[in-house]
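Here is the structure we will look at.
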Amino acid sequence: MKYRCAVIGLGRIGCGFDDNPNATLISTHAGAYFRNKKTRLVAFCDIDEDKLKKYGPKYSVTKLYTDYRKMFRTENLDCVSICTHANSHLDIVKAACKFNIKGIYLEKPISESLNNAKTIVEICKKNNVKLQINHQRRFDPFYIKLKNLVVEKQFGRIQQCSIYYGSGIANTGSHICDLIRYFFGNIKWVQAVKSQNPSNNENDPNLDGVIMCDNGIKCSLLSFDYNNYGILEFDIISTKKRIKLNLTTGKIEIFRSTLPKIGLYYKELIPQTVTLPPRTSAIFNGVKTLLQSIQTNKEPLCTGEDGYLSLEAVTALIKSSSLNGKLIALPLKNTNYKIHSK
């Protein structure tokens, strides 16, 4: 049996990233379904007919729709990826759950508001639909191993973390907040101010700030203008090592402390070789984990609740910036605030 699958929204993460002829890893939902032996990519949906004409032939998909409701009524789908803007997610999830869908692979952020995110989670649970949010580093063995090293305190006690990012706190920040939770646990409070370095989306500003986890680990957010160049890096300072992680390429540099040289009173850091699993296609792994979740009736590796908590942290950062950097504790009591993401 092959699972019948479809993709709604044929933009960059839906189909476009795999147009790069130099890409070595699958980077789209369409590519992940197309290459998986247990899935059959049967339908595409997008309001842009030019995208349907472009990507239908590329992936041998002949069932092309501009109306997702018609697609659900017609195609008897098992799984669907929703790669549209966050403010459309709730309506599409509602429609999918009316037609016996088994799994939903939902792009981040889970929704544009916490109220709608909560409704998405509840609808999927009520209809026994496995909901997986595409915070895709959770599906990558590279990051899974690194998280285990942090949890096992192989690096010692975490002293400070700095994260360098751009392209908006909702767009990029949802990934950042999820990775902080994945590595260090739940978030206790946040503070943020609007950055002097603009985002490429005026409705989704860059913020500079602090994220404090329940266990006392503090992460600093430092933003950049991506019109100059892109940086997405995680710098972790522990008592034994320094870990510099490029979140775009997966390149990692690890430095360990050594005895001080003659005349110095402090230890220095020197490069260290650490064996970690090679990077694989996280989005391809995500399709596999979603299918495993359906088959075993277990929770996916990134649940709707994970998506909610990531969105909650982003919302709290935006709220703090609107209040001149006021400390905002989690969980939030007001869940009506709406974010703006691509």
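The values are calculated or read from the model by the stated rules, or taken from the named source; none is laboratory data. All values derive from a computational prediction rather than experimental measurement. With ideal geometry, Cβ positions are generated from the backbone for all residues, glycine too; neighbour counts draw on all protein chains shown.
Numbers for the structure displayed
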| item | result |
| --- | --- |
| Selection within segment 174-218 - of a type in the set (Phe, Trp, Tyr) and surrounded by 20 or more Cβ atoms within 10 Å (Cβ to Cβ) | Tyr182, Phe183, Phe184 |
| Which listed residue, of Ser199, Ser195, Ser167, Ser174, is of a type in the set (Gly, Ala, Ser), closer than 20 Å to Ala313 by Cβ, more than 18 Å from the chain's Cα centre (by Cα) and at pLDDT below 95 | Ser199 |
| Residue within segment 72-82 that is without any contact (Cβ under 8 Å) to a residue 60 or more places away in the chain, surrounded by 23 or more Cβ atoms within 10 Å (Cβ to Cβ) and more than 21 Å from Gly16 (Cα to Cα) present | yes |
| Tabulated pairs, segment 128-153, first assigned by TED's automatic domain parsing to the domain that holds Asp78 and part of a strand (DSSP E or B), second of a type in the set (A, V, I, L, M, F, W, C) and surrounded by fewer than 24 Cβ atoms within 10 Å (Cβ to Cβ), C-beta under 7 angstrom, 6+ apart or interchain | Lys130/Ile294; Leu131/Val121; Leu131/Cys124 |
| Residues of segment 211-228 that turn out to be of a type in the set (Ser, Thr, Tyr), assigned to a strand (DSSP E or B) and closer than 13 Å to Thr172 by Cα, as a count | 1 |
| Of all residues making up segment 280-328, the number that are more than 21 Å from Phe183 (Cα to Cα) and of a type in the set (Ser, Thr, Tyr) | 5 |
| Condition check for Thr28: hydroxyl-bearing (Ser, Thr, Tyr) and touching a residue at least 40 places away in the same chain (Cβ under 8 Å) | yes |
| Contacts under 7 angstrom Cβ, first residue in segment 300-324 being closer than 15 Å to Thr172 by Cβ, partner modelled with pLDDT under 95 and of a type in the set (Gly, Ala, Ser), 6 or more apart | Ser310/Ser174; Leu311/Ser174; Val314/Ala170; Val314/Gly173; Val314/Ser174; Leu317/Gly173 |
| Pairs with Cβ under 7 Å, 6+ apart, first in segment 210-230 and in the same structural domain as Arg157 (by TED's automatic domain parsing), second among the aliphatic types (A, V, I, L, M) and assigned to a loop (DSSP other than H, G, I, E, B) | Phe224/Ile231 |
| Options Lys53, Lys94; residue that is free of Cβ contacts under 8 Å to residues at least 12 places away in the same chain, surrounded by fewer than 20 Cβ atoms within 10 Å (Cβ to Cβ) and not polar (S, T, N, Q) | Lys53 |
| Ala170 vs. criteria part of a helix (DSSP H, G or I) and either crowded, with 17+ Cβ neighbours inside 10 Å or not assigned by TED's automatic domain parsing to the domain that holds Ser238 (or both) | no |
| Leu276 being assigned to a strand (DSSP E or B) and either modelled with pLDDT under 95 or acidic (Asp, Glu) (or both) | no |
| Selection status of Gly156, in contact (Cβ under 8 Å) with a residue 12 or more places away in the chain, in contact with a Ser or Thr (Cβ under 8 Å, 6 or more places away or on another chain) and within 17 Å of Leu232 (Cα to Cα) | no |
| Filtered residue count, segment 229-245, keeping only those that are surrounded by 18 or more Cβ atoms within 10 Å (Cβ to Cβ) and in a loop (DSSP other than H, G, I, E, B) | 1 |
| Single residue of segment 99-127 satisfying the filter (within 18 Å of the chain's Cα centre (by Cα), assigned to a loop (DSSP other than H, G, I, E, B) and of a type outside the set (A, V, I, L, M)) that is surrounded by the fewest Cβ atoms within 10 Å (Cβ to Cβ) | Glu112 |
| Subset of segment 246-265 that is in a strand (DSSP E or B) and exposed (fewer than 14 other Cβ atoms within 10 Å of the Cβ) - its residue that is modelled with the highest pLDDT | Glu253 |
